[in-house]
1. Is it the case that some residue within segment 64-77 is among the basic types (Lys, Arg) and over 17 Å from Pro132 (Cβ atoms)?
2. If I filter segment 74-84 for residues that are over 14 Å from the mean Cα position of the chain (by Cα), surrounded by 20 or more Cβ atoms within 10 Å (Cβ to Cβ), modelled with pLDDT under 90 and not in a helix (DSSP H, G or I), do I get at least one hit?
3. Loosely packed, with under 14 Cβ neighbours inside 10 Å and touching a residue at least 40 places away in the same chain (Cβ under 8 Å): is that true of Gly43 in this structure?
4. Is segment 67-84 home to any residue that is under 29 Å from His104 (Cβ atoms) and either basic (Lys, Arg) or out of contact with any helix residue (DSSP H, G or I) (no Cβ under 8 Å at 6 or more places or on another chain) (or both)?
5. Just to be sure I understand, how many residues within segment 13-70 are modelled with pLDDT of 95 or more and part of a loop (DSSP other than H, G, I, E, B)?
Amino acid sequence: MIGLIGRYSAFVSGLTLVARCALLVVAVVCVAIPVGFVAARSGTPAFEAAGLAAVVCLATGLVALLLAHRGRGTPASVAWVLAGDGLAMAVPLGIAMTLQNTGHAFHDAGFFNYLIVFFLATLTARTLLVAPFVNVVARPVGRAPGAEARV
């Protein structure tokens, strides 16, 4: 099991930012297809609410992934990841609360339920894509890899 985790970490560490973003989009699309079929059976407002929830969670997930990428290899990498996660939680929740307070038709169509499904999908995908960022140790300037072993 540990060997599998090591291989996965090495694989994800070798991905570019564009590849990571593409994998996040693929994860959301894989969830959106069955959710779209279920929402379409409930009518147009539910289908539109599911689409809005997918777009909101994907957009905030991509921004969170960009923030985590920005902080990789720095001593504050965990802070960058947490900042992205906070943003990815606050924006969808703020939109859901606004729709509820205004009495919008999307709220009645189950927007919050769809939001939870897509948030959990993006959270899982982001965690799998960001975990190797936090594992990277920042080296002091001017120190080559393996310099610690020669001391």
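1. For segment 64-77, residues among the basic types (Lys, Arg) and over 17 Å from Pro132 (Cβ atoms): absent.
2. No; the residues of segment 74-84 include none that is over 14 Å from the mean Cα position of the chain (by Cα), surrounded by 20 or more Cβ atoms within 10 Å (Cβ to Cβ), modelled with pLDDT under 90 and not in a helix (DSSP H, G or I).
3. Yes.
4. Among the residues of segment 67-84, not one is under 29 Å from His104 (Cβ atoms) and either basic (Lys, Arg) or out of contact with any helix residue (DSSP H, G or I) (no Cβ under 8 Å at 6 or more places or on another chain) (or both), which makes the answer no.
5. Adding up the residues that qualify gives 0.
The values are calculated or read from the model by the stated rules, or taken from the named source; none is laboratory data. Note that this is a predicted model, so its numbers are computed, not measured. Ideal geometry is used to build each Cβ from the backbone, glycine not excepted, and the neighbour counts take in all protein chains shown.
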